[in-house]
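The values are calculated or read from the model by the stated rules, or taken from the named source; none is laboratory data. These figures come from a predicted structure and were not determined experimentally. Backbone-built Cβ (ideal geometry, glycine too); neighbour counts: all protein chains shown.
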Amino acid sequence: MAPRSISEAARLSAGGRPPPPARRGIIRLAGPADLDAVAALADAAFDDARGPGREELRISIGRGTVNLLEADGELQGVIILEPLDDDLFVVTLAVAPEHRRRGLGRRLIAFAEREARCRGLGSIHLYADRRSRTGLAFYERLGFRSTAEAAPGRIGGDEVPLVRAVL
């Protein structure tokens with residue numbers, strides 16, 4: 001029998017048990033030595049060409065915009081943040097497939113929210129894949145709403161622009 005929901009599928013893939021809770025870990029800025037690990041995580045997290053390429057990651061790391069979520073010495077998630085006018089743009093949010101459904105994506109978005117507040121920025125913008133009902137539902141649960149405004153240099157295509165005010 002096929003699973004009826006994503007959470008049921010996660011339980012079935014974990015042998016009928018919910019995934020274990022994530023360890024607290026730390027969020028830190030990536031450095032040049034992290035490039036291979038970040039590229040491997042991005043490749044695993046994005047099953048097609050939607051993820052950032054190695055050269056884009058190298059440039060972003062050099063600009064100081066890549067933040068890593070690590071626990072027990074293991075890279076579990078990545079968020080790339082770029083200031084854009086008076087807002088913060090989430091360029092990439094990726095969680096290692098084996099660590100999904102443990103609150104890490106939510107934690108990385110909370111980190112982005114704190115960064116936006118610290119920088120005095122009014123909102124967080126990102127693009128979500130229109131084909132990913134799970135991803136869209138995740139962002140909607142976190143308070144993101146669709147907007148017609150697009151960030152410079154982005155093509156709408158299969159992406160939905162989303163925004164969330166930072167209070």
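General remarks:
- Number of positions in segment 23-56 that are part of a helix (DSSP H, G or I) and closer than 15 Å to ALA96 by Cβ: 11
- Residue count for segment 143-167 satisfying the condition of being outside any loop (DSSP other than H, G, I, E, B) and modelled with pLDDT under 85: 7.
- Looking at VAL90, VAL66, just one residue is of a type in the set (Val, Ile, Thr), surrounded by 14 or more Cβ atoms within 10 Å (Cβ to Cβ) and under 18 Å from LEU142 (Cβ atoms), and that residue is VAL90.
- Test set (1) assigned to a helix (DSSP H, G or I); (2) modelled with pLDDT of 95 or more; (3) closer than 25 Å to ARG24 by Cβ - ILE59 fails condition number: (3)
- GLU56 without any contact (Cβ under 8 Å) to a residue 12 or more places away in the chain, closer than 23 Å to VAL160 by Cβ and surrounded by 13 or more Cβ atoms within 10 Å (Cβ to Cβ): yes
- Across segment 75-109, the number of residues qualifying as more than 15 Å from the chain's Cα centre (by Cα) and without any contact (Cβ under 8 Å) to a residue 12 or more places away in the chain comes to 1.
- Taking strands (runs of 3 or more DSSP E) as the structural unit, no element lying wholly within segment 67-142 holds at least 2 residues that are aromatic (Phe, Trp, Tyr) and farther than 19 Å from ALA42 by Cα.
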